[in-house]
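Read-outs throughout are calculated quantities, based only on the coordinates presented, and are distinct from any laboratory measurement. Model, not experiment: these values are computed from the prediction. Every residue, glycine among them, receives a Cβ derived from its backbone with ideal geometry; neighbour counts consider all protein chains shown.
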Amino acid sequence: MHILLVEDDSLLADGIVGALKRAGFAVSWLDNGKAASTFLAAEPPDILLLDLGLPDMDGLDLLRLVRQKKYPTQVLILTARDSTNAKVSGLDAGADDYLTKPFELDELLARLRVLERRLGNASTAMIQVGPLKLDTTHHLALLNDEPMNLSRREYMLLKALVEHVGIIQTKEGLEGKLYSWGDEVASNAIEVHIHNLRKKLPADFIKTLRGIGYMVPRQ
């Protein structure tokens, strides 16, 4: 799950980025609307966390651009504008959710989990595929009800796959969900993570479609 944070307050942004990474998200940060619009055109994230008071443009204009271009991105507004009119304007412009500053990080993470479930078509925080269960609230993976020992990126990769059971995911698409913008990514990183996961999962739980990508078949 790749999140783009557009926030010009560097201190606040640093705290949010750290919290999101600890929660298992890949997150990139930009501090102005122009850079964000360029980023969005090249690589739309799964979720956009958008401050409205940007130094070079109003965040609502960037939100309207996202919706005009039909980017497949969920948008959560983060702003100090707390009036009812401001909330209505943001939601009418196409925001999926609206959170006013100051806010608790736990609430932000809870709202992100809701948006994440919408993207993955999951109705609850518990995802089950055959003998595997993922508790996305507590970032736990259970196989036959026994906890699995997974690294952060192994967990993120497994979640990306089981959220879209029966759908092929490309290597490039999976890299975008696991790594933040600017991260050093080895050319075989996804293959290594898949190899490690397969050693911990039942045989054929993850299928390789040569030259295309990976998929968890319907159980």
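Give the range of the longest stretch in the chain that excludes all GluC sites (Glu not before Pro) found in loop regions by DSSP and having at most 16 other beta-carbon atoms within 10 Å.
Value returned for the longest uninterrupted segment is 1-103.
On a full-extension model of 0.36 nm per residue, what is the gain between Glu43 and Val192, subtracting their alpha-carbon distance, rounded to one decimal in nm?
Additional length available on full extension: 51.3 nm.
Distance cut-off 26 Å, Cα to Cα: go down the list Lys21/Lys101; Lys101/Lys159; Lys171/Lys200 and report the pairs above it.
In this structure, Lys101/Lys159 exceed 26 Å between Cα atoms.
How far apart, in nm, are the 7 Å Cα→Cβ label points at Glu172 and Lys21?
2.6
Tabulate in residue order the Karplus-calculated ³J(HN,Hα) for the stretch 160-175, using 6.51 cos²θ - 1.76 cosθ + 1.60 with θ = phi - 60°, rounded to whole Hz; enter x for Gly and Pro.
Using θ = phi - 60°, the values come out as 4, 6, 7, 6, 10, 4, x, 10, 6, 10, 6, 4, 5, x, 5, 4 Hz.
With +1 on each Lys and Arg Cβ and -1 on each Asp and Glu Cβ, how big is the dipole of the chain about its Cα centre, in debye rounded to the nearest 20?
940
Would you grab the residues whose amide H sits under 5 Å from the one on Leu140? Only those 5+ places off in sequence or on another chain, please, with H modelled 1.01 Å from N.
Here Asp135 satisfy the definition.
Rounded if a/c is under 1.5, else prolate if a/b beats b/c, else oblate: with a ≥ b ≥ c from the C-alpha gyration tensor eigenvalues square-rooted, which is the stretch 1-124?
It comes out rounded by the Cα gyration axes.
Could you pull out every residue, at least 5 positions away or on a different chain, whose amide H is within less than 5 Å of the one on Trp29? Hs are placed 1.01 Å off N in the peptide plane, and Pro or chain starts have none.
Leu5
What do you get for trypsin sites (Lys or Arg not before Pro) in the stretch 1-91 restricted to DSSP loop and a cutoff of at most 15 other Cβ within 10 Å of the site's Cβ?
Lys69, Lys70
With just the Cα atoms defining each centre, how far is the stretch 39-95 from the stretch 134-184? Give it in Å.
Taking the Cα centre of each part, the stretch 39-95 and the stretch 134-184 sit 27 Å apart.
State the antiparallel share, in %, of DSSP beta bridges confined to the chain, rounding to the nearest 5.
45
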